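Accompanying notes for the structure given below.
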């Protein structure tokens, strides 16, 4: 398998899921910061120009939720103890993360894509921060209803990366505290093979930014 990944993007959640499930895979770095995802040859792999993208032995799978679900089923990791209803609840939370949290980060990081002119873009960014705070609060509520001492699942990899974003991105400093999400992040950081992946990702991201 081959995972197309840009450091510290949400694709990190997929990398963590594949690693945790001991699924043999190759990581191909595509620099989204330099626009590499928006040009060839990557566009021939994913015409949407987005990571994560997984090449599963010739089958191209896109979108974070789909790849995480595939990793969970393929590796039989983090799903064996979940009932169908519990799986559906985890899927629902991942969709909230994708639709609400990630979309707000996109508007904050690239407001000019959503509004013409600097003044309008600034307003888009300001409104996105308000919406992002509410979206994190909803994730916090949902994670608080789970048994956070149970086995890690693909949902944990997803929200753990979102918790990392909060502490690494400047806009995250203005958001309300999310101790439940932070606890998930800490569990990932305290798992040696996952900590190694996260540390590698942070180092790659820092090198790209430098």
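Computed values, structure above
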item	result
Residues of region 188-210 satisfying the condition of being closer than 23 Å to residue 143 by Cα, out of contact with any helix residue (DSSP H, G or I) (no Cβ under 6 Å at 6 or more places or on another chain) and surrounded by 15 or more Cβ atoms within 10 Å (Cβ to Cβ)	191, 198
Filter pass, residue 37 being surrounded by 13 or more Cβ atoms within 10 Å (Cβ to Cβ), part of a helix (DSSP H, G or I) and free of Cβ contacts under 8 Å to residues at least 40 places away in the same chain	yes
Residue ID - surrounded by the fewest Cβ atoms within 10 Å (Cβ to Cβ), chosen from residues in region 168-178 that are touching a residue at least 12 places away in the same chain (Cβ under 8 Å) and in a helix (DSSP H, G or I)	174
Unmet requirement for residue 30, which otherwise passes all of (1) more than 15 Å from the chain's Cα centre (by Cα); (2) surrounded by fewer than 19 Cβ atoms within 10 Å (Cβ to Cβ); (3) not assigned by TED's automatic domain parsing to the domain that holds residue 131	(2)
Selection status of residue 17, closer than 21 Å to residue 95 by Cα and touching a residue at least 60 places away in the same chain (Cβ under 8 Å)	yes
Qualifying helices (runs of 4 or more DSSP H) (wholly inside region 46-156; at least 3 residues being outside the structural domain of residue 169 (by TED's automatic domain parsing), touching a residue at least 24 places away in the same chain (Cβ under 8 Å) and touching a helix residue (DSSP H, G or I) at 6+ places or on another chain (Cβ under 7 Å))	64-75
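The values are calculated or read from the model by the stated rules, or taken from the named source; none is laboratory data. Fair warning: this is a prediction, and the values are worked out from it, not measured in the lab. Neighbour counts are summed over all protein chains in view; Cβ atoms, including those assigned to glycine, are modelled from backbone coordinates with ideal geometry.
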